[in-house]
Structure formats: structure tokens, C-alpha cells
1. Report every pair of residues separated by at least 6 positions or lying on different chains whose Cβ atoms are under 7 Å apart, first residue within the range 137-157 and in contact (Cβ under 8 Å) with a residue 40 or more places away in the chain, second outside any helix (DSSP H, G or I) and among the acidic types (Asp, Glu).
2. If we only count helices (runs of 4 or more DSSP H) wholly inside the range 1-113, which ones have 2 or more residues that are modelled with pLDDT under 85?
3. What pairs come up if the first residue lies in the range 235-263 and is over 20 Å from GLU159 (Cβ atoms) and touching a residue at least 60 places away in the same chain (Cβ under 8 Å), the second is aromatic (Phe, Trp, Tyr) and crowded, with 24+ Cβ neighbours inside 10 Å, and their beta carbons are under 9 Å apart, counting only those six or more places apart or on different chains?
4. Inspect the range 147-168 for any residue being modelled with pLDDT under 85 and open to solvent by 10 Å² or more (accessible area, probe 1.4 Å) and give the result as yes or no.
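The values are calculated or read from the model by the stated rules, or taken from the named source; none is laboratory data. Source: prediction; values computed, not measured. A quick note on method: Cβ atoms are made from the backbone with ideal geometry, for glycine too, and the neighbour counts reach across all protein chains shown. Areas reflect the complete protein model, heavy atoms only, side chains present, ligands, DNA and RNA absent. Shrake-Rupley method; radii C 1.70, N 1.55, O 1.52, S 1.80 Å.
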Amino acid sequence: MSEIYIEIEPHHPIDVFGIEEEKLDRIRRFFPQLNIVLRGELLKAVGDAAHLADFEKKIRLVLFHFERFNRLNESDIDAILDESKADKAPWDETATEKPSSPVILMGVNGKPVRALTPNQQKLAEATVKTDMVFAIGPAGSGKTYTAVALAIKALKDKEVKRIILTRPAVEAGENLGFLPGDMKEKLDPYMQPLYDALRDMVPYRKLLSLLEESVIEIAPLAFMRGRTLDNAFVILDEAQNATESQMKMFLTRMGKNAKFVITGDITQVDLPRNQRSGLVQACRLLASVPGISFVELTGKDVVRHRLVARIIEAYGKAGETETIAR
């Protein structure tokens, strides 16, 4: 008799096999000759060498499926492990019709996260071609969501070692000290849109682990001062609320093997009247700098309620929408 151990990390065993190992029980049915036991984050199998080799090969396909689709249900297991269904395996892209728009990654429960509009696709393509991208557009146009999806994909593909998500905490202002809780609790409400996007794309327990280990870091813009951001996918969200000095500080944090995506809506600047938006200045000063891309999204890219696009259009007709000068 021989035995092998297969590490489940970086996945949480409950996410993969279920709370009471119901999915592992289904896997066991395909390998009656083996004794398969889950011990923490290690899967142990005992049996003869030939059956163990077959088990190891197939269980890695199971884990690969979970890694790719963030989902593992009974039909997935059957399709992967049942030899008669191998030509219809869920990871086989030729088994299904190709989607109308490219999938950036598979979110929680196997939900595909796509670039839904041509301009969102331009944003995805720009991050491949250049290391710094400005994505400018109205609320609901998918700037932040697409950028976060691209960051998670880069982390999964091991193109970067960490993700840093930051926003100016402009609304907090002088009243930050009067909010209840510690610094994290005071700032979390301003970071909530970033958490919301992450929860759509990373299983809950895995997300907690990544946050605890600082593989994913969410912090206010002020916390970026003095740092050098290497091997990271960095997103500055709500960049229209960064002052000119803050924007310069942030852009010069860029280190080796880094991707920077700066998103913002120049029609929704919340800075005091005596302070100018660093995003507007950056768009003007950096327009002709090689290696920096600018992607403009419009009301046509809005993927929220259809009324949002109409509201943006109405404000535009009223002359309230500022255009980027460059």
C-alpha cells in the first residue's frame, strides 16, 4: 500500500468540498479502491500506486476547475471524473459556445466576469499594453469593477504578488476623528465599493485570508505616502477626489513590475473649492507621455439601472458634464 498527500491551499477546504465534505463524498465514489481522508488543508489518499496516480491526476483537474470557475458542484465533479463525460468536461472551452464578450475571470459561484462594453474591453486591453492606465467615466460605467477583475486575474496568473486598492477618504475630512471605532472601522465605509467588487470575484474565506495576509490591501490614499509599490496591481479609485499633490505622490509610488489603474469621474469632484482635482491635472500633463494609456467611458457604458444612463445624459445636455482637456 502507498499513500499520497495533495495540498488544497490556497483554497479553503470548505469552499472546495463543502461544510460536511458532501462534495468529497461524491469524489470518493469514483475511487472505491482508495481510502481518501481530508486533514485540514491536506487531502490524503491510501491505496495501490496505479489507483493513486489516477486519483492524483483527476483531483488536480478538480482543483483546477475550482480555481478557474470559483465553483464546484455535483455535475462538475461528474463531468470531470466520469470517463464517459470527459468530452463535455466543464473546463473544456470547446464544449460550450464561445461567449459574446471575453471573460476576464470566473467570479464566485462560477459567475463569469466580462468586459460588457467596447470601452470596458479597451480598458482590459490597455492594461496589457501599458503599465499605467487612466479610466475616466461616469458613475456606473464599470471602471472600478473591471479594474478589480483585471487585478484579481493578474494575481491568479501570478503576474503580480499583491493587489493594492486605494481611495481618497475625502468625505471623512475633519470629522474622521469623531466617527466610532478604530482607524480601519472609520475608513471602511469609504472603501465599501472595493469590498463589494472583491466579494463578487473571490470566495469569502479566501478573501479573508488574502486580506489578513496583506496579499490584498485596501487603504486610504494618504497611506501610500513614502512607499514603493513593487510587484503589485494598484488601483486608485475615485481619483477625481485626489488633490494635485496627492496625485503626484501616488503616481510616483510606482515600482518594478507594477500595474497602475487610475479610475475617476471628473464630473463628481468632492474636494473643497480651494483645491483642484489631481485627476484633471494628470490627464492634461500626462496625455502625451509614452507608456500611459487613457480610456474614456461614457453613459453608453453604464451597466446599472437604465435610468442612470438617462440621468447622465440629462446632466450632459444641461451643460454640467465637463470633458477631459488634453
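1. From the range 137-157, the pairs are GLY137/ASP265; GLY137/GLU296; PRO138/ASP265; ALA139/ASP265; THR144/ASP237.
2. In the range 1-113, the matching helices (runs of 4 or more DSSP H) lie at 13-17, 49-69, 74-81.
3. Hits for this filter: ALA239/PHE134; ALA239/PHE250; ALA242/PHE250.
4. No: zero hits.
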